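Contents: one structure, followed by commentary.
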Amino acid sequence: MDLPSSDSAASVLIETLSHDGRGVARLGGKTLFVSGALPGEHVGLRYLRRRRRFDEAVATDIRSPSRERVRPVCPHYGVCGGCSLQHLASAAQVAAKERALLEQFAATARIAPACMFPAITGTTWGYRRRARLGVKYAAKKDAVLVGFREKHSSFLADLDRCDVLHPSVGQLLPALRDLIRTLSVHRQIPQVEVAVADHATALVFRHLCPLSPLDLQHLLSFAHSHQLLVYLQPAGPDSVHLLSPNEGRLCYSLPEYGLEIEFLPTHFVQVNGEVNRKLVSRVVELLDPHPDDRVLDLFCGLGNFTLPLARRAGGVLGVEGDAALVAQARHNATINGTENAFFEVADLNDPSSVDGLCRTGFTKLLLDPPRSGAPQVVRQVGRLEVERLVYVSCDPATLARDAAELVRKQGFGLEGIGVVDMFPHTAHVEAVAVFQRKGP
Ligand SMILES: C[S@@+](CC[C@H](N)C(=O)[O-])C[C@H]1O[C@@H](n2cnc3c(N)ncnc32)[C@H](O)[C@@H]1O
């Protein structure tokens, strides 16, 4: 590809922020996405790529900084692809996410919500309790790199620290790098998964060939000196096991509901523990279950919402596609003494399994699907007879698409939407939306 050279003389005015956190300008009738630039700023830039319909560049100097610009905290900002909004003040990040959500509803669904709920926010640093760190042996340097992918490239950014990761791991990266270099299999470790619980931090080492007895000793002493739970993964996800069996368990609490949720380091858990606690309370408040309600919780995972809802509702059925998560959810119901929460395994992309749920009796519905949304569910939701529906989403585009179906074809009105700042300093938008069945 013919890449244009650096163009430090060119200066553009940034008009808006794109959904992935880049500044957007118009130059010569073409859209230009500029990393590191904010609306209202004049910036010098270097082109990265020219495409037919738009160009991509990176800001090289900020000639008139926005009042919302702040100095990025992280020394790897601009190189590491993990965060794209550290140069924007936290409150302005949330406002930008709210604008992005409203724009998505206007563009995709042509719906303006009657009300915008206050954004759910939390501590903006050290919040990340789940992550997958890439590992690479750099033969030229005879060193191991540990980190996330670089911006604009497929290389791994070599991180000394990560300020969005929970500090028990975010401050441990150099030690982790050194540990992996001492292992005989240092070339065959592609990743380390991180799972942080309330009172323990787990690292899962994926290894592509067997570990030696000395490797196991190194891992054990690393685990002890840093008070970590070390798991090994020699093959697929089912092969994950603790290095020292019976050493500990992972759990997070939802104190407002007197619940402890146990999980394994490979299970889905909401990335931000503090924001998750607030989100659970918001969902319960918005769904407002009563003892005469039967609630359906679709995409329920390990019971994160199901069990709190069961504290107020007559009964809750959680449905989830991953059988291991359903087994964990049942276990969580047992250890919490919850007798009115039930769980089923079903593929909710399969119209026939959604059809099977259309038995009468559910009064309220919670949806928390993956990024692809819940198209098969919303298409049949009219038959479920639920009066009220809360939708938690990690992708505004699919949320707006599903909202259009609910409002135009399934007889629901949109009561309100709100942003959940689950991933501060990234452009990732989590949202919650509430729908109420319209009267006859
Ligand atoms: C965003 S997570 C939410 C999990 C849970 N509500 C929580 O708060 O922890 C989405 C869940 O949907 C599940 N899932 C993904 N595709 C699915 C499908 N086709 N059918 C059923 N569940 C699915 C995933 O396994 C995951 O647990």
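Every read-out reported here was derived from the displayed coordinates using simple, explicitly stated rules and does not represent laboratory data. Computed from a prediction, not measured in an experiment: that's the story for all the values here. Cβ placement follows ideal geometry from the backbone for every residue including glycine, while neighbour counts extend to all protein chains displayed.
Summary of computed values
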{"read-out": "Positive-end residue of ALA431, PRO72, GLY361, charge dipole of the chain with Cβ unit charges", "value": "PRO72"}
{"read-out": "Whole-Å distance, taken between Cα centres, linking the range 35-76 and the range 222-257", "value": "41"}
{"read-out": "Most mobile listed residue (SER212, SER11, SER35) in the chain, GNM with C-alpha springs under 10 Å", "value": "SER212"}
{"read-out": "Mean projection area, nm², convex hull over Cα of the range 174-243", "value": "4.5"}
{"read-out": "Reciprocal of mean inverse Cα separation for the range 207-276 (Kirkwood radius, Å)", "value": "14.2"}
{"read-out": "Burial ranking of peptide ranges 399-410, 66-77 (average Cβ count within 10 Å, highest at the top)", "value": "399-410, 66-77"}
{"read-out": "Only Lys, Arg (+1) and Asp, Glu (-1) charged, at Cβ; the range 121-193 dipole about Cα centre in debye", "value": "180"}
{"read-out": "Burial order of peptide ranges 132-143, 150-161 (average beta-carbon count within 10 Å, highest first)", "value": "150-161, 132-143"}
{"read-out": "Over the range 376-440, equivalent-ellipsoid semi-axes from the Cα gyration tensor in Å", "value": "24, 11, 9"}
{"read-out": "Over 24 Å (Cα to Cα) - which of LYS97/LYS438; LYS97/LYS151; LYS364/LYS438; LYS97/LYS409; LYS364/LYS409 fall in this group", "value": "LYS97/LYS438; LYS97/LYS409"}
{"read-out": "Charge dipole (debye, nearest 20) of the range 315-389; +1 at Cβ of Lys and Arg, -1 at Cβ of Asp and Glu", "value": "200"}
{"read-out": "Helix runs (DSSP H) in the chain reaching 20 Å along axis by Cα, Kyte-Doolittle at least -1.0", "value": "90-104, 273-287"}
{"read-out": "Unit charges on C-beta of K, R, D, E only; dipole of the chain, Debye", "value": "1320"}
{"read-out": "Prolate/oblate/rounded call for the range 50-189, Cα gyration tensor, a/c under 1.5 rounded", "value": "prolate"}
{"read-out": "Value of Rg to Rh for the range 186-316 (Rh from inverse mean 1/r over Cα pairs, i.e. Kirkwood)", "value": "1.09"}
{"read-out": "Computed E for GLU260/SER352 - FRET, C-beta separation, R0 51 angstrom, nearest 0.05", "value": "0.90"}
{"read-out": "Segments 391-397, 99-105 sorted - mean Cβ within 10 Å per residue, highest first", "value": "391-397, 99-105"}
{"read-out": "Rh (Kirkwood; distinct C-alpha pairs) - the range 1-130, Å", "value": "16.2"}
{"read-out": "Radius ratio Rg over Rh of the range 125-259, counting only Cα atoms, Kirkwood formula for Rh", "value": "0.97"}
{"read-out": "For the chain, calculated [θ]222 nm from helices alone, where every DSSP H run of n ≥ 4 adds -39500 (n - 2.57)", "value": "-7000 deg cm²/dmol"}
{"read-out": "Longest to shortest principal axis, alpha-carbon extents of the chain, angstrom", "value": "64, 63, 35"}
{"read-out": "Most positive-pole-ward Cα, GLN270, GLY170, ALA200, against dipole of the chain from beta carbon charges", "value": "GLY170"}
{"read-out": "Share antiparallel - DSSP beta bridges, the chain, percent rounded to 5", "value": "65"}
{"read-out": "Rg to Rh quotient for the range 346-385, alpha carbon positions, Kirkwood Rh", "value": "0.93"}
{"read-out": "Around ARG249: net Lys/Arg minus Asp/Glu count, Cβ-Cβ under 13 Å", "value": "-4"}
{"read-out": "5 Å-binned pair-distance histogram of the range 331-440 (Cα, whole percent)", "value": "2, 11, 20, 22, 18, 15, 9, 3, 1"}
{"read-out": "Farthest positive-ward along the chain dipole, Cα basis, beta-carbon charges - from GLY21, LEU232, SER184", "value": "GLY21"}
